[in-house]
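Beneath this line is the structure, given in structure tokens, with notes to follow.
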Amino acid sequence: MLEQVVDRLLARVGELYPGDVPVPVADAGEIARRGYLWRVAETETFAAARAPTPGLPERLHPITAGELARELADAEPLGRPDPGDPGTITWTVPGPGGHVRHYGALASIEAAGLADRALKREWLYGFLYRCCEEAGQARPVEEGKATSP
């Protein structure tokens, strides 16, 4: 089941790529772009994923979406996340869960022709930036979109 969900979302990201993403995500690179589009694909695919992440609006004031996304991405383990780990945000984001996102990050890195698992942090940055947007709190300076890869 997990593999089917990952494959389905990865295929949708491939259809969406390169997509419109905020400038900070585009500036962070291809893997961040893929993480952002993964979250877009999740919200298209799963009704439960359409809810904003609990606690993000409160954490966004006074920092920017980019700052919070970076902080959260850096706190996430590079290995498969444990649902009970308090530093694991991917289990609190509504949708398919932290394991799907972990394997999705690795599959996205591989789909880009790369093998560095540490790039998971860049994928998480894009993914979490989109979560911050969903919380309705992205600051205007960051709201511009970039379409070029």
Ranked by how many other beta carbons lie within 10 Å on average, peptides 35-45, 8-18 from highest: 35-45, 8-18
Per residue value of the accessible surface for the chain (all protein chains in place, 1.4 Å probe), Å²: 46 Å²
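What's the long-distance tail for region 1-138, i.e. % of Cα pairs beyond 17 Å?
On the way: 5024 of 9453 pairs.
Pairs farther apart than 17 Å: 53 percent.
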Label-point separation in nm, E71 to R117, each point 7 Å along Cα→Cβ: 2.8 nm
Cut-off 12 Å between beta-carbons: net charge of the residues surrounding W91, Lys and Arg +1, Asp and Glu -1: -1
Under Karplus coefficients 6.51, -1.76 and 1.60, residue-wise ³J(HN,Hα) of region 116-128 in Hz, glycine/proline x: 7, 5, 5, 5, 4, 5, 5, 4, 4, 4, x, 4, 6
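Let me check something: with ligands and nucleic acids excluded, how do E76, E122 order by accessible area (1.4 Å probe), largest to smallest?
Reading off the accessible areas and sorting them downward yields E122, E76.
To the nearest 0.05, what FRET efficiency results for E58 and D27 with a Förster distance of 22 Å applied to their C-beta separation?
Details: r = 26 Å, r/R0 = 1.20.
Rounded to the nearest 0.05, the efficiency is 0.25.
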By accessible area with a 1.4 Å probe, ligands and nucleic acids excluded, highest first: order of E67, E110: E110, E67
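The values are calculated or read from the model by the stated rules, or taken from the named source; none is laboratory data. In this text the structure is predicted, and so the values were computed from the model without any measurement. Using ideal geometry, Cβ is built from the backbone for each residue, glycine included, and neighbour counts are taken over all protein chains shown. Quick note on the areas: whole protein, heavy atoms, side chains included, nothing else; ligands and nucleic acids left out. Shrake-Rupley method; radii C 1.70, N 1.55, O 1.52, S 1.80 Å.
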